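Laboratory data are not the source of any read-out in this text; all were calculated from the coordinates shown. What you see is a predicted model, and the numbers here were worked out from it, not measured in a lab. FYI the Cβ positions are ideal-geometry reconstructions off the backbone, even for glycines, and counts take in every protein chain you see.
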Amino acid sequence: MANNDKPNIIGFLCNWCSYAAADLAGSNKLEVPATLTTIRVMCSSRVDPVLILSAYLQGADGVLIAGCHPGDCHYQTGNYYTRRRFAVLHKILETFKLDPDRFRLSWISASEGKRFSEVTKEFAEHIGKIGPNLLKHKEFIE
C-alpha cells in the first residue's frame, strides 16, 4: 500500500450530499483519512462500474461511493440505481478475485459531516486490516 502502508482509498461523492458532508467535516476540523482521494460526481448513480474496476487496476486499495439517503436524491431515483449496481458489482469483484469488502456504499447527507468522518475512518481501518489490493501487483497477474 502507498503512503507508509496506509490504504489508498478512492471516494466517489455525490455533489449534493456527500461532497457537502466532506466539506462540512473539513470545516469542523474532523479527522478524515489523508489517503482518501475524493472525486465529486453529480449523482452516485453516475459512477460507472468500469470506473471502479479501473480504480482497483490503477492501485486503489478500496473504493467508497457515497450518496444521498434513499428517498432524498436530488435526481429522484439516482441512488436506487446505485444500490442495484452495488449488488451486481459485488459479483463482478468476486470474478476478479477482489474481496467485495474493498468496496463500500454509504448514504451520507450534507448535514452529516461527523458521519462522513466516521465512515471514512472506519473504512480506511477496515481496508488496512484486509491488506493491499493484490490486483495491482504483478505477481497476482502472472
*asked:* Cβ neighbours within 10 Å, averaged per peptide: list 38-45, 96-103, 63-70 in order, most packed at the top.
replied: 63-70, 38-45, 96-103
*When ranked by the protection proxy of mean other Cβ atoms within 10 Å per residue, highest first, what sequence do the peptides 8-19, 83-94 form?*
8-19, 83-94
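Might you report the magnitude of the Cβ-based charge dipole of the chain about its Cα centre, with Lys and Arg at +1 and Asp and Glu at -1, to the nearest 20 debye? Spell out each step's value before the answer.
On the way: 17 positive and 15 negative charges, 51 e Å.
Here the chain has a charge dipole of around 240 debye.
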*asked:* Running a GNM on the chain with Cα contacts under 10 Å, which residue among Thr37, Thr77, Thr95 ends up with the highest mean-square fluctuation?
replied: Thr95
*Could you point to the residue in Ile52, His69, Val32 farthest towards the positive end of segment 2-141's charge dipole, with +1 and -1 charges on the Cβ of Lys/Arg and Asp/Glu respectively?*
Ile52
*Label 7 Å along Cα→Cβ of Asp5; segment 32-55 residues with amide nitrogen under 18 Å?*
34-35
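Quick one: length gained pulling Ser111 to Ser27 fully straight, 0.36 nm per residue minus the C-alpha distance? Can you show the working numbers first?
On the way: separation 84, 0.36 × 84 = 30.24 nm, distance 1.19 nm.
Between Ser111 and Ser27, full extension yields an extra 29.1 nm.
Add +1 for every Lys or Arg and -1 for every Asp or Glu among the other residues with Cβ under 15 Å from the Cβ of Arg46, and state the total. Display every interim value, and only then the final one.
Working: positive: Arg40, Arg83, Arg84, Arg85; negative: Asp48.
Net charge around Arg46: +3.
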_Viscosity 0.692 mPa s, temperature 37 °C: what is the translational diffusion coefficient of the chain from Stokes-Einstein with a Kirkwood Rh over Cα pairs, rounded to a whole number of µm²/s?_
217
_Give me the count of lysine pairs in segment 2-141 whose alpha carbons sit under 21 angstrom apart, restricted to pairs 8 or more positions apart or on different chains._
12
